[in-house]
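Trainee: Pasting in a structure now, in structure tokens, and then I'll have a few things to ask.
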Amino acid sequence: MRTRTKRIVALLAGTAMLGSSFASFAATDVAANDLAYKGELEIMHYSTSEESEGNGGSDGFRTVLQAWDEAHPDITLTQNVLANAEYKTQIATLAAAGDLPDVFLLQGMNTKDWAKQGLLLDLTDYIKASPYYDEYIQNYFTPFTDGDSLYGYPVLTGGTCTVVIYDKAMWKEAGYDEFPSTWEDVEKASEYFNDQGITTVAFGNGGKWQANSDFLSTLGNRYTGPDWFLSLINKEGAAFTDDKFVAALTEMQHLFQDTQIFNEDFNAVTNEDAREYYISGEAAAFIGGNWDESYIWATLKENDTDKWNNMGFAVLPQPADATEAPTSQNIGLGYAVAINAKLADDPDKLAAAIDLAQEVTGPAFASYVAENYALGGLTNVGDVDLSKFDQITQDFYNYSYVDTEKCEIYDSYITNAVWDVLNTDLQSMMNGEKTPEEVAQAAQEAYEANY
């Protein structure tokens, strides 16, 4: 949909919010800098009203964006707001046509290609000159870097793509005080759940990306460790065909093909579908991202308080032959606010775009999501007072930021041309139609041809 933000309304306080127990939310303050530009400025993003329901990052983005718009009445801020999947397709189409919006959300995997094509404004000097620079969490910039140049302000919330959400009561009945730490024990538990007609772990890979983002990038790290992927990013010798990565693919195929752990339709349903299996009690656990956790939290809070009270969080179980990082989970900021390189020809308009990018990723956003959702953004906000949150939100905060080891999200890096090949082949591999070796070889060929 295409809208002008003078008429966009942020979510009302208390609508599917993790912080809905609070009496009210204060208006988000942004720096009302005096800008010379008085014309139209377009931003394209995917934080629809539906996306923001129960999603702290999208709600915070919409809220701060509206506050910036209201603080600059002489600028007509036009929002092109698309659903997530549609956004990815449309932004790629616009990039191919050399017709990107003034301001837009950039995925890390596209940074190097689009920078080489001259589509992205080099933001290095602007970022370093930002009044918030000293507060930025610097490693969040890595996916949006090419050489020494920075091409985006990391946006939305730093959240995991791989969290196991499980029903404590259901697992207690199966004989487990907490979710198992090994796949061997999960497979044993599946015997009990299958006898009850219950799926042990729900997972959806209908969009193809879920197997990569929500599963393999953590499972792979258990076999390779972090240096392997950094070598792959930097083209320093690592290859998809390396034995340790093939071992991760082999374990992944085993889990989905040779066990009774997952729902049979895992390659046909999306993560949104799979989390409904968990919500309804058809599955004892679910694997997805922080956005799924937010949705499940809000849905159960409203409709099933007993199940809500039994929400637990765990890392991906450790395979028997893996030797690395048993408590790792992947976390990062998968998008950045980027600016069309063409704005360099209009200094006043560019200054307005820079100001917008700084504010929707700055302290106003970070404070909002920390205070209302116990989430983090690009800027540090100091110690988050967790005492005002329910125990589940506190547990998820600690899972996300305190108690686990961090690893990278694969498809925040490299290039979409590689991940398109791997993601399609992963579906075939998980169905038993391709071998791990074939998948690794095809990914390596795409890597060598496109990166």
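Trainee: Residue by residue through the range 131-146, note down the ones that are open to solvent by 10 Å² or more (accessible area, probe 1.4 Å) and not in a strand (DSSP E or B).
Mentor: Answer for the range 131-146, where residues must be open to solvent by 10 Å² or more (accessible area, probe 1.4 Å) and not in a strand (DSSP E or B): Pro131, Tyr132, Tyr133, Asp134, Glu135, Ile137, Gln138, Asn139, Tyr140, Thr142, Pro143.
Trainee: Oh, and also: Looking only at residues in the range 357-373 that are surrounded by 22 or more Cβ atoms within 10 Å (Cβ to Cβ) and hydroxyl-bearing (Ser, Thr, Tyr), which one is modelled with the highest pLDDT?
Mentor: Top of the filtered list is Thr361.
Trainee: Farther than 14 Å from Pro319 by Cβ, out of contact with any strand residue (DSSP E or B) (no Cβ under 6 Å at 6 or more places or on another chain), among the hydrophobic types (A, V, I, L, M, F, W, C) and free of Cβ contacts under 8 Å to residues at least 40 places away in the same chain, is that true of Ala238?
Mentor: Yes: the conditions hold for Ala238.
Trainee: Restricting the search to the range 26-47, which residues are surrounded by 18 or more Cβ atoms within 10 Å (Cβ to Cβ) and at pLDDT below 90?
Mentor: Within the range 26-47, Thr28, Val30 meet the criteria.
Trainee: Identify, from the list Ile409, Ile414, Ile392, Ile354, the residue that is at pLDDT 95 or above and farther than 16 Å from Tyr126 by Cβ. If you could, list the steps in order and put the result at the bottom.
Mentor: Values: Ile409 fails: at pLDDT 95 or above; Ile414 fails: at pLDDT 95 or above; Ile354 fails: farther than 16 Å from Tyr126 by Cβ.
Every option except Ile392 fails the conditions.
Trainee: Looking at (1) assigned to a strand (DSSP E or B); (2) touching a helix residue (DSSP H, G or I) at 6+ places or on another chain (Cβ under 8 Å); (3) among the β-branched types (Val, Ile, Thr), which one does Ile127 not meet, given that it meets all the others?
Mentor: Status for Ile127: all satisfied but (1).
Trainee: Could we say that Glu324 is open to solvent by less than 10 Å² (accessible area, probe 1.4 Å), more than 21 Å from Asp134 (Cα to Cα) and either of a type outside the set (S, T, N, Q) or not in a helix (DSSP H, G or I) (or both) here? Spell out how you get there, then give the answer.
Mentor: On the way: open to solvent by less than 10 Å² (accessible area, probe 1.4 Å): no; more than 21 Å from Asp134 (Cα to Cα): yes; either of a type outside the set (S, T, N, Q) or not in a helix (DSSP H, G or I) (or both): yes.
It is false that Glu324 is open to solvent by less than 10 Å² (accessible area, probe 1.4 Å), more than 21 Å from Asp134 (Cα to Cα) and either of a type outside the set (S, T, N, Q) or not in a helix (DSSP H, G or I) (or both).
Trainee: Taking the range 222-268 as the region of interest, how many residues are buried (at least 21 other Cβ atoms within 10 Å of the Cβ), part of a loop (DSSP other than H, G, I, E, B) and either of a type in the set (Asp, Glu) or within 22 Å of the chain's Cα centre (by Cα) (or both)?
Mentor: 1
Trainee: Looking at this structure, is Ala274 part of a helix (DSSP H, G or I), aliphatic (A, V, I, L, M) and at pLDDT below 95?
Mentor: Here the answer is no, as Ala274 does not meet what is asked.
Trainee: Being surrounded by fewer than 20 Cβ atoms within 10 Å (Cβ to Cβ), among the hydroxyl-bearing types (Ser, Thr, Tyr) and part of a loop (DSSP other than H, G, I, E, B) is the filter here; which residues of the range 48-96 pass it?
Mentor: Thr48, Ser49
Trainee: Provide a single number: the residues in the range 110-121 that are part of a helix (DSSP H, G or I) and open to solvent by 10 Å² or more (accessible area, probe 1.4 Å).
Mentor: Looking only at that region, the number is 6.
Trainee: Then there's this: Report the residue count in the range 350-399 for those that are of a type in the set (Gly, Ala, Ser) and touching a helix residue (DSSP H, G or I) at 6+ places or on another chain (Cβ under 7 Å).
Mentor: Result for the range 350-399: 5.
Trainee: Using the structure shown, decide if Ser387 is under 16 Å from Ile137 (Cβ atoms), open to solvent by 10 Å² or more (accessible area, probe 1.4 Å) and part of a helix (DSSP H, G or I).
Mentor: No: the conditions fail for Ser387.
Trainee: Write out, first by first residue and then by second, each pair whose Cβ atoms fall under 9 Å of each other, whose residues are 6+ apart or on separate chains, and whose first residue, in the range 334-349, is under 23 Å from Leu156 (Cα atoms) while the second is part of a strand (DSSP E or B) and among the hydroxyl-bearing types (Ser, Thr, Tyr).
Mentor: Filtered contacts from the range 334-349: Ala336/Tyr153; Val337/Tyr153; Ala338/Tyr153.
Trainee: Say whether the condition of being of a type in the set (Lys, Arg), modelled with pLDDT of 95 or more and either open to solvent by 10 Å² or more (accessible area, probe 1.4 Å) or more than 21 Å from Ile261 (Cα to Cα) (or both) is met by at least one residue in the range 169-181.
Mentor: Yes, the conditions are met somewhere in the range 169-181.
Trainee: Return the only residue of Ile331, Ile339 being buried (at least 17 other Cβ atoms within 10 Å of the Cβ) and touching a Ser or Thr at 6+ places or on another chain (Cβ under 6 Å).
Mentor: On the way: Ile339 fails: touching a Ser or Thr at 6+ places or on another chain (Cβ under 6 Å).
When all the criteria are applied, what remains is Ile331.
Trainee: For residues that are surrounded by fewer than 17 Cβ atoms within 10 Å (Cβ to Cβ) and modelled with pLDDT of 90 or more, scanning just the range 396-406, find the one that is nearest to Gln329 (Cα to Cα).
Mentor: Glu405
The values are calculated or read from the model by the stated rules, or taken from the named source; none is laboratory data. Everything quoted here is computed from the prediction, not taken from an experiment. Cβ: placed from backbone, ideal geometry, glycine included. Neighbour counts: every protein chain shown. Please note that ligands, DNA and RNA were not included when accessible areas were found on the heavy atoms of the full protein model with its side chains. Shrake-Rupley method; radii C 1.70, N 1.55, O 1.52, S 1.80 Å.
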